[in-house]
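Below is one structure, written out as structure tokens; comments come after it.
The values are calculated or read from the model by the stated rules, or taken from the named source; none is laboratory data. Since this is a predicted model, take the numbers as computed values, not measurements. Note that we place each Cβ from the backbone using ideal geometry, even for glycine, and neighbour counts take in every protein chain shown.
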């Protein structure tokens, strides 16, 4: 099997060829599906666990303290210990809750983020599902999680959960508009919705530089709107600890709570990787123009590290927001969306359409 | 027109104030020398309490096992909630006269409020504050301490 | 007028959507229960239920002699413990008509102001945390540790000192006290603008606190809201200016009074008070006169028959100590007029018409310490 770190499609194709030699095409396809599914499950779990650890360390350093530092070297096994503790907790059944909905809700949230993570290009050749409507698919599928949140709040049969779920539902539905519209600016620039073509089109520079002011404004709006989408940061009133205990997941315990918790961190990862792909070039190294020496130096770093670095940077920005700002109230949040973000977004799209028509951007 | 200008002014000043706040947390993120955590059980050897620290009430004994408590009971009278019980006995002193001496000085650490009145009002300066602060026990009877050590006796020239 | 106040506090009717905040709640600063009647997100009525931490301090004081009362008063409003102690000592000293040495007065005032800064630092931490900015909790506590270290060196304990006694102080201050206090003031003067930059300059915080919970001047006077909460509505009630005690006549400082009375100005009043406290300490710290640290009092203190009252300005408002003595060595009756008890019951009037998130902001800005309400 050939393993070229710069173009992993050779590795995946050689594995594919080996499988088709060893068994019939039907079985080979089935094996491939199972293997890819397992790889994604493990990736989901491991990245989720270490994102929780990273958040605790980042938050601790910002607060002049150390963070987890006892379980394992530098506290690396802390989240594994937390996971074991959550697995061993008793699943407390609620008396008058709707049992079917109560049990299904965490699964819906997890399934929504699984569907989205399948379409992300991790490196050159490591792209599980390459739809020609890539971006549209990701936005559509991540909206499914709002059903899970509303079901969780409603079926818990508790006033706090209901208020939290209603707030969260209103918030997510409003901010999806901004997310979609800000991604649309890059779609207009690139001319395609397919994620791999968007990345290819950034071979001579990332869209945030090529699209100058409009792309930068779209990036900022996308950051704000996606922080609100994932119930994080200054927009986390659905789980505001100091007001309503824990909002829509108050009544969940043990592994069901772990699902909500994990899904929140993985949604953050997904949103950060979409931002990195669309605005910052995905796995494409930093190029300025074509065929210069600078580009050759940048090409030395394999694409998988570029992708991980950019996603880590956007994740760090989202964590920075959360630990600095106080919370917004629900009506201020909705005012921010409908009176500030949406008009600016619409005007931005008009400007981008005009720029593309006139060709006034760095091609 | 004025509303449009106000709108953009709001946005500009808002973003500027948010960036100012982010600069502070960002500054602390990159300064590991400002970390104030003390790694507690590992640093027990270097951990020194201040000299007046109110850890518990002790009766200092010198190297010949002498203390200064005469059993007068003034600390028991002054303690606001009865954390001190004095049990005295009669014994013969150097001239052969029978005097009162301390048998047991019982101190209930579980009830003490650390007000310091016993230390302050003792006429012979027999009590002091110790620096031990790790008092957590599994057995509550360990918190009732007898302050005078067995076999100790009064120092010669105490009133 | 009393009927009107009582009518405001009638319990909720049956068909309101009632939510309970507390007694165990991350942001009610102690064991306090708010029974909130909601309509959607808007509050119709808030009924506070206190009494969960009633320990009978006033009754316990009836069996203790005057030096023994001091350690109980520590535990009422534990964040201004020194000022509570000082109020009782001043009441006893005025009743006996003795004058403490100047050194005692200066030290008592400096410790008062240090205690005030420490209390406001903890208030700032908690307010930031209630608003959702969790980092402010750690920054405030980090700076408060320096004051607590100064206290630990001189008194032996960080929060509940029992350092005052009728007639003076229990011990003299540690020789390093002046140096460390001056270092702390230099350090804190640089850090306090950071607090502004992190929290109050923030557009989100301002949007959540401006014009929320407006307290008018008439209401402040009627309900007896003292301390920074009252001063932010224009009620100039600082006891340090009206009836100065200890070394306050010798210091010059500004009384912080604003007229708007909303949550943001209650916040600002406390931050400005921290600056003024540092000014007061700077005026006194280098001029502590030499002398005794206590008067020689009789072994058993007996107040003459009569009633005595003394006021002091704690970090939260006016504390009143009322002693009725019948000539014995224990008081016949002692009553504390606690500032938090009066400040609590304005919540219904302030919060009606706002949202739940605003209730948290308003109760944070009123700076309630629950053990003081229940004593």
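One table, with the values for the structure above:
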| read-out | value |
| --- | --- |
| Output for region A:264-289, where each listed residue is without any contact (Cβ under 8 Å) to a residue 40 or more places away in the chain and part of a loop (DSSP other than H, G, I, E, B) | A:285 |
| Residue in region A:77-86 that is away from chain C (no Cβ under 14 Å), surrounded by 14 or more Cβ atoms within 10 Å (Cβ to Cβ), in contact (Cβ under 8 Å) with a residue 24 or more places away in the chain and assigned to a loop (DSSP other than H, G, I, E, B) present | no |
| Residue in region C:162-181 that is farther than 21 Å from residue C:103 by Cβ, crowded, with 16+ Cβ neighbours inside 10 Å, within 14 Å of chain B (Cβ to nearest Cβ) and touching a helix residue (DSSP H, G or I) at 6+ places or on another chain (Cβ under 8 Å) present | no |
| Residues being within 14 Å of chain A (Cβ to nearest Cβ) and in a loop (DSSP other than H, G, I, E, B) - total across region C:122-161 | 3 |
| Unique match (being more than 14 Å from every other protein chain (Cβ to nearest Cβ), in contact with a helix residue (DSSP H, G or I) (Cβ under 6 Å, 6 or more places away or on another chain) and modelled with pLDDT of 85 or more) among A:125, A:148 | A:148 |
| Among (1) crowded, with 18+ Cβ neighbours inside 10 Å; (2) within 14 Å of chain C (Cβ to nearest Cβ); (3) out of contact with any helix residue (DSSP H, G or I) (no Cβ under 8 Å at 6 or more places or on another chain) - the single one residue A:67 does not satisfy | (3) |
| Where residue A:195 falls short, out of the listed (1) surrounded by fewer than 24 Cβ atoms within 10 Å (Cβ to Cβ); (2) touching a strand residue (DSSP E or B) at 6+ places or on another chain (Cβ under 7 Å) | (1) |
| Options A:153, A:164: the member that is assigned to a helix (DSSP H, G or I), over 19 Å from the mean Cα position of the chain (by Cα), modelled with pLDDT under 85 and away from chain C (no Cβ under 14 Å) | A:153 |
| Test: residue in region C:142-150 that is closer than 19 Å to residue C:295 by Cα and free of Cβ contacts under 8 Å to residues at least 40 places away in the same chain | no |
| Some residue of region A:253-263 being outside any helix (DSSP H, G or I) and either modelled with pLDDT of 85 or more or within 14 Å of another protein chain (Cβ to nearest Cβ) (or both) | no |
| Condition met for residue C:233 (assigned to a loop (DSSP other than H, G, I, E, B) and closer than 30 Å to residue C:198 by Cα) | yes |
| Selection count, region C:283-315, where residues are surrounded by 15 or more Cβ atoms within 10 Å (Cβ to Cβ), touching a residue at least 40 places away in the same chain (Cβ under 8 Å) and within 25 Å of the chain's Cα centre (by Cα) | 9 |
| Residue check for residue A:53: more than 14 Å from chain C (Cβ to nearest Cβ) and at pLDDT 90 or above | yes |
| Those residues of region C:68-98 which are free of Cβ contacts under 8 Å to residues at least 24 places away in the same chain and surrounded by fewer than 24 Cβ atoms within 10 Å (Cβ to Cβ), in sequence order | C:68, C:97 |
| Any chance residue C:189 is over 15 Å from residue B:25 (Cα atoms) and at pLDDT 90 or above | yes |
| Test: residue in region A:278-291 that is over 22 Å from the mean Cα position of the chain (by Cα) and crowded, with 20+ Cβ neighbours inside 10 Å | yes |
| The lone exception for residue B:90 - which of (1) in contact with a strand residue (DSSP E or B) (Cβ under 8 Å, 6 or more places away or on another chain); (2) within 14 Å of chain C (Cβ to nearest Cβ) it fails | (2) |
| Complete set of residues in region B:83-105 that are touching a residue at least 40 places away in the same chain (Cβ under 8 Å) and either on the phi > 0 side of the Ramachandran plot or surrounded by fewer than 16 Cβ atoms within 10 Å (Cβ to Cβ) (or both) | B:104 |
| Enumeration of residues in region C:182-212 that are surrounded by fewer than 16 Cβ atoms within 10 Å (Cβ to Cβ) and either more than 22 Å from residue C:265 (Cα to Cα) or more than 11 Å from chain B (Cβ to nearest Cβ) (or both) | C:182, C:183, C:186, C:187, C:189, C:190, C:210, C:211 |
| Any hit, region C:323-335, residues being within 14 Å of chain A (Cβ to nearest Cβ) and outside any strand (DSSP E or B) | no |
| Check on residue A:8, surrounded by 15 or more Cβ atoms within 10 Å (Cβ to Cβ), away from chain C (no Cβ under 14 Å), touching a strand residue (DSSP E or B) at 6+ places or on another chain (Cβ under 7 Å) and under 30 Å from residue A:299 (Cβ atoms) | yes |
